[in-house]
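The values are calculated or read from the model by the stated rules, or taken from the named source; none is laboratory data. The structure displayed is predicted, hence computed values, not measured ones. Quick reminder, even Gly has a Cβ in these numbers, built from the backbone with ideal geometry, and neighbours come from all protein chains shown.
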Amino acid sequence: MAALSFRLRDSCGAARNGQLVTPHGALDTPAFFPVGTYGAVRGLTPEELRQVGVQGVLANTYHLHLRPGEEIVRKLGGLHGFMGWDGPILTDSGGFQLYSLEHLSRRSEEGVSFQSPLDGSERFLSPETAIAIQEALGADLIVQLDEFEPIAETVDEARVREMLERTLRWGERCQRAKRRADQWLFGIVQGGGSEALRRESAARTRALGFDAFAIGGLGVGEPPEQRWDLLDAALEPLPGAAPRYLMGLGTPDDLVAAVARGVDLFDCVIPTRHGRHGSVFSDAGPLNLRNARFREDAAPIEEDCPCPACARFSRGYLRHLVVTEEALGARLASLHNLAFYMRLLSRARQAIAAGAFEKWSADWLEGYAG
């Protein structure tokens, strides 16, 4: 197989399954990347991730640049050697973190100057340095630096267009800066809350000739019905033969709804963050293990789940671990949630292959009280 390739296997309506091949192994799509911000999915070993079916992980460019620094990561074997993870790795560009720390940053056409929240030192992230950092980190899948305008009730088209145009210019600069042939670069579709601008951004990003495409700026508080309209507009102009990545989303029902629209890749902190706080997922919806009704519950979180939490422990015991803040509780709940996400997307892939995704997804969403 080629070092980097993507092929579609089956489709059912807009939903599709396929295989994304990287230098560190293949991903069956649609696929979900748990977030390992600092080069680790919090509290979990690579072996445990593999045990519950994780195919690839995401690491955060901004945070790894601040510490330990990309050169240290490079010297210690790149992210794969540094983390001890031999599967595919995706890194983001750091743009969202700089947006969330806007009070510490100054934006210009050249890039973003910002003050490190760790030691106050002055740093600068440009399209070129974002690529250089990600090349030093050595991820298989990397992302351009972008800029986005949060979705508001009233669309400021002039402001959104400014961000769209800058993201396109930065995308071209990222392409020119890229040196490694063993990494795929994702261009990012923006456009705020405007369907027309989303559609335009996707068409023009496609014209730049990226290897793959990401949709950014969604899942930041907009109503779900607006989100799906904007996603549809962004997906429409993209080439069917390229991977499509919806950044930072979401809940299990978000994943099913996005797969139905043709998304291939996802990442989100939800399964592990929720797990650390005692919230776990099931086909009947999320459960808060802190609830007193689970105190004497002898059942597993979910009867047919093979994860380490469900295979051995009761809801009552897991609740005890969570309320006493025993670290094992957070680890087991995180493992269960990742296992749930992996099984959910596996079932989606099977339904697509069988030509039954529409019925399967409708039945599943009807039973999921999220």
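Of the residues in segment 172-201, how many are assigned to a helix (DSSP H, G or I) and buried (at least 23 other Cβ atoms within 10 Å of the Cβ)?
Matching residues across segment 172-201 total 4.
Within segment 24-40, does at least one residue satisfy the condition of being modelled with pLDDT of 95 or more, surrounded by fewer than 23 Cβ atoms within 10 Å (Cβ to Cβ) and assigned to a helix (DSSP H, G or I)?
no
Matching residues to (1) in a loop (DSSP other than H, G, I, E, B); (2) under 20 Å from residue 97 (Cβ atoms); (3) under 16 Å from the mean Cα position of the chain (by Cα); (4) of a type in the set (S, T, N, Q):
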| position | (1), (2), (3), (4) |
| --- | --- |
| 209 | yes, no, no, no |
| 213 | no, no, yes, no |
| 218 | yes, yes, yes, no |
| 238 | yes, no, no, no |
| 242 | yes, no, no, no |
| 248 | yes, yes, yes, no |
| 253 | no, no, yes, no |
| 275 | no, no, no, no |
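Give the residues of segment 253-269 that are crowded, with 23+ Cβ neighbours inside 10 Å and either more than 23 Å from residue 19 (Cβ to Cβ) or among the small types (Gly, Ala, Ser) (or both), sorted by residue number.
If the condition is that a residue be crowded, with 23+ Cβ neighbours inside 10 Å and either more than 23 Å from residue 19 (Cβ to Cβ) or among the small types (Gly, Ala, Ser) (or both), then 258 is the only one that fits.
With respect to residue 169, is the statement that it is assigned to a loop (DSSP other than H, G, I, E, B), surrounded by fewer than 16 Cβ atoms within 10 Å (Cβ to Cβ) and at pLDDT 95 or above true?
The answer is no for residue 169.
Looking only at segment 69-98, count every residue that is farther than 14 Å from residue 248 by Cα and either touching a strand residue (DSSP E or B) at 6+ places or on another chain (Cβ under 9 Å) or surrounded by 14 or more Cβ atoms within 10 Å (Cβ to Cβ) (or both) and tell me the total.
Number of matching residues: 15.
For segment 284-341, which residues satisfy the criterion of being assigned to a helix (DSSP H, G or I), surrounded by fewer than 12 Cβ atoms within 10 Å (Cβ to Cβ) and either touching a Pro at 6+ places or on another chain (Cβ under 7 Å) or not charged (D, E, K, R) (or both)?
Hits for segment 284-341 are 292, 311, 327.
Taking the residues in segment 71-124 that are charged (D, E, K, R) and touching a residue at least 40 places away in the same chain (Cβ under 8 Å) as candidates, determine which candidate is farthest from residue 45 (Cα to Cα).
Once the filter is applied, the top-ranked residue is 109.
So which residues in segment 1-23 are assigned to a loop (DSSP other than H, G, I, E, B) and farther than 14 Å from residue 260 by Cα, if there are any at all?
If the condition is that a residue be assigned to a loop (DSSP other than H, G, I, E, B) and farther than 14 Å from residue 260 by Cα, then 1, 2, 3, 4, 23 are the ones that fit.
Given the conditions (1) assigned by TED's automatic domain parsing to the domain that holds residue 260; (2) farther than 29 Å from residue 217 by Cβ; (3) in contact (Cβ under 8 Å) with a residue 24 or more places away in the chain, which single one is not true for residue 3?
(1)
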